[in-house]
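The values are calculated or read from the model by the stated rules, or taken from the named source; none is laboratory data. Computed from a prediction, not measured in an experiment: that's the story for all the values here. Note: ideal-geometry Cβ built from the backbone for every residue, glycine included; neighbour counts use all protein chains shown.
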Amino acid sequence: IDISAYEQQQLFLEGTGSMVLDRENKIAYACLSPRTDIQVLNDWCNKAGFRPVAFTSVDSKGDPIYHTNVMMCIADRFAVICLDSIPNGAEKRNVIETLQDTKKEIIEISFYQMNHFAGNMLQVQNTKGDRFLVMSSQAYNSLTSEQIKRIENYNPILHSDITTIETNGGGSDRCMMAEVFLAEK
């Protein structure tokens, strides 16, 4: 899908950071920011056959969150999300209702946990069909034992220490991984 023409207008949709996709239900969650424009989001969704769920999201200081994958992760049967980062009540209700309508268990994280990359996780699947949730050790260590248990009800957690990348690069596991959905040959 080519949406590069929007760049001439300084309108952007920065791929997998801007959108967190629920591929099964064809929903694109997106927090709006200078890196995620509503017009470009709607155009991409129209072309890709996804339904946009757009909202504003802020950090604990009230500054806009630039990428959706900072504050939420969508897995096959659950979502990890910082609901406190969505200040608009109607937008928050829409996100919650959409997650509930798609049968996702909501595992809520705090601003503190979001700041320690607990929203920047990715569910992966191996060739045997086994699913895992990949995250950094910093994210893992910020989670409560109850949150870990709830996640592990669905799949094992894989975490590793990537402090250097998180400190110097500004992102975490989700930012370093690409989702590949190619048909087997």
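For first residues located in the range 23-37 and within 14 Å of Asn69 (Cα to Cα), partners that are surrounded by fewer than 19 Cβ atoms within 10 Å (Cβ to Cβ) and charged (D, E, K, R) and lie 6+ apart or on another chain with Cβ distances below 9 Å form the pairs Ala28/Arg51; Arg35/Glu14; Thr36/Glu14. For the range 38-85, the set of residues classified as surrounded by fewer than 22 Cβ atoms within 10 Å (Cβ to Cβ) and part of a loop (DSSP other than H, G, I, E, B) consists of Gly49, Phe50, Thr56, Asp59, Ser60, Lys61, Gly62, Asp63, Tyr66, Ala75, Asp76, Arg77, listed by residue number. Can you find even one residue in the range 80-91 that is without any contact (Cβ under 8 Å) to a residue 24 or more places away in the chain and closer than 22 Å to Glu152 by Cα? No, the range 80-91 contains no residue that is without any contact (Cβ under 8 Å) to a residue 24 or more places away in the chain and closer than 22 Å to Glu152 by Cα.
Scan the range 42-78 for residues that are under 16 Å from Glu24 (Cα atoms), free of Cβ contacts under 8 Å to residues at least 60 places away in the same chain and not basic (Lys, Arg) and the total you get is 7. Restricting attention to the range 1-37, the residues being part of a helix (DSSP H, G or I) and touching a His at 6+ places or on another chain (Cβ under 8 Å) number 2. Taken together, the criteria place Lys149 among residues that are exposed (fewer than 11 other Cβ atoms within 10 Å of the Cβ), part of a helix (DSSP H, G or I) and out of contact with any Pro (no Cβ under 8 Å at 6 or more places or on another chain). In the set (1) over 24 Å from Ser110 (Cβ atoms); (2) of a type in the set (Val, Ile, Thr); (3) buried (at least 17 other Cβ atoms within 10 Å of the Cβ), the condition left unmet by Ile1 is number (3). The residues in the range 11-41 that are at positive phi and modelled with pLDDT of 95 or more can be counted, and the count is 1. Please verify whether the range 160-170 includes one or more residues that are at pLDDT below 95, assigned to a loop (DSSP other than H, G, I, E, B), closer than 21 Å to Asp59 by Cβ and within 17 Å of the chain's Cα centre (by Cα). Yes, that holds for at least one residue. Restricting the search to strands (runs of 3 or more DSSP E) fully inside the range 99-143 and requiring at least 1 residues that are among the aliphatic types (A, V, I, L, M) and at pLDDT below 95 gives 122-125, 131-136. Within the range 86-104, is even one residue buried (at least 18 other Cβ atoms within 10 Å of the Cβ), under 17 Å from Thr56 (Cα atoms) and in contact with a Cys (Cβ under 9 Å, 6 or more places away or on another chain)? The answer is yes, given that some residue of the range 86-104 is buried (at least 18 other Cβ atoms within 10 Å of the Cβ), under 17 Å from Thr56 (Cα atoms) and in contact with a Cys (Cβ under 9 Å, 6 or more places away or on another chain).
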